[in-house]
Each structure stands twice: as C-alpha cells, then as structure tokens.
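Have a look at the structure below, then the notes.
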Amino acid sequence: MSDKCHLCLLGLIFLSSLLTGSSGVIETHVFISSGENVRLPCNNALPDCKSTVWNYNGNLTAVELIGSGIKKTDIERHERLSLGSDCSLNINNVTKEDYGIYTCRQYVNNKQGPDARVFLHVLHVSSSSSSSQTEISAGRSVTLSCQLYSFSFAGVSCDDLIRSEKIELFWVNQTGVNLTISDSGYQISASRLCISTLTTTLLNEDDHREWRCEVTHGNQVKSTAAYNVKSSDPARTEVSRTAGSLLRVIVIIVEFAVFVAPTVILLQITCAENKEKTLTTLRKQ
C-alpha cells in the first residue's frame, strides 16, 4: 500500500513540475483534431536551426524526431514531419497516436539553451464504425464517442491533467449551441473526463447532420472535431436508385440519337442523289 502511495506522490510531484514549468523551460499546450495539420512552436528559436533537436515522449514511446536540424528517416511517421524555417515542428494529417510531449532543444556556442516543451492534445470523434461518417437507418440509435488524447504517466491519468488545466469537452449542434444532459433526444455521459459520449435516435431530418465535439482550455475553444451521419432510409435509397436509372436511360437515348442522326441524314442524301440520277436518265430516254 505504501509503495502505491509513494508512486502516486511521485507522479503528482512530476505533474506539478510539468504544469507549473521547470526552471528555464517554456511550455505550450496545443490542441488539434485528428486529420488536421499542426505546427508545434519552438519558442526559443535561433536565427538558424542547425542545432535544433526535437524529442517526442508519449504513447509508450520516447524518440528523437529531429537531430541537428535534420529529420530522422528511420521513424514510422517521418513522411508527415517537417522542420519549419522558425525551427517549429510541423505534423501533417495528425492521428490520435501523435499525442504526447514534444521538446525542442537548441545549443548556443555548444551550450544548451532552455527547452521549449509542447503538450500536444489530439481530439478524436468516432462511433461503432471506424470512418468519419456512418450510415444508420432513421429510427435507430447512434452513439458517438469524443476523446481527448493527452499524455499520461505513472500515477497520473489524462483526467488528472484535464482537471488541473481546466480542460473540458462539450457536444454542440450545427448552430454551435452546447448540448446538455437535460436536452431531449440526447443522452450525454462521461465515464472519464477525457471521454464524452453522445447517444441519439436518428430522424429523417438528421440526414447529413453534423455533430461536433469541442475542447476548451481556460474557457476558450481550442479545437473542434466533427462527425457526419448519413441516413440510409430505404425510401430515399429507392428514390435515388430510380433517379439514377432514369438518368442512365436518358443518357443512352441521347447517345443513340447522336450516333443515329448522322447516319439517317447520310441515307437521305444518298437516296435523294439516286432519285435525281434516275430522273435524269429517264428524261434523256
């Protein structure tokens, strides 16, 4: 029991140092939705980036991404990484696995300068299907899950970080109004502070409706992740199929007319010429 308490105490001490900032360390929190591009600032940037080192710690991984201003090519996501002219780290098409702590370190006259530490939080919305869009017939329920992926370590969870940093998750409708537990037609629950789920029963008018999950930090909206639901109402599907079939028939008729019309005209001209030749021959006789 004492060992567990000791581990928790160490974790809380480490969390406190991360949140309040170690001596000489510049800290920044960056929020982004999965699928977007993000720029992580190196706040202690130098005129050139030849001494810049970017390290990553998170998702059970610790690795050097940039060394001496040169991108490492032996890491899995190297194609999505690039170093900006201001020594910032650019990540394209962010995934939920990219969350964690990124540290920019530079050297001046062979002396290490203050680290710039960036906490990258990734917002991701999903349902039982793995895509960003799902098809469910009207009248059936759909459950969407919004999760904020943030760095956690021994004894300190993502929820502890959220609580300390006053980070919150909200579901909003298409007009940007917050959905609450008391709103009829919706069930919102949170098994953890890092995860919020929304359950609703689809209606015909929900076709192509967009639900959005927002993350706020200090009462400011930092990022939004959207999810589109496409209704697969059988009646609508049949109408679409009928319209598609009719369009194909029209296309075939037009193509046939375009092909046949010149042939008919050519035959008419040929017949007229033959008739004229015949009349001319008869007159000569």
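What follows draws every value from the coordinates through simple rules; no lab data is involved. Note that the structure is a prediction, hence the values are computed from the model and not measured. Glycine also receives a Cβ, built like all others from the backbone with ideal geometry; neighbour counts cover every protein chain displayed.
Okay, here's what the table says:
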{"quantity": "12 Å beta-carbon shell around residue 167, net charge (K/R +1, D/E -1)", "calculated": "-2"}
{"quantity": "Net length gained if the chain between residue 157 and residue 95 were fully extended (0.36 nm per residue, minus Cα distance)", "calculated": "20.3 nm"}
{"quantity": "Residue-span extension gain [residue 85 to residue 209] - 0.36 nm each, minus C-alpha spacing", "calculated": "40.6 nm"}
{"quantity": "Cβ-based charge dipole, segment 22-121, positive-most Cα from 34, 66, 52", "calculated": "52"}
{"quantity": "Dipole moment magnitude, nearest 20 debye, segment 22-121 about Cα centre, only Lys, Arg, Asp, Glu C-beta charged", "calculated": "160"}
{"quantity": "Within segment 24-56, backbone nitrogen closer than 20 Å to the virtual label 7 Å beyond the Cα of residue 165 toward Cβ", "calculated": "24-44, 54-56"}
{"quantity": "Relative contact order %, segment 22-121, counting alpha carbon pairs below 8 Å whose residues are six or more apart", "calculated": "40"}
{"quantity": "Fraction of alpha-carbon pairs over 22 Å apart in segment 22-121 - percent", "calculated": "21"}
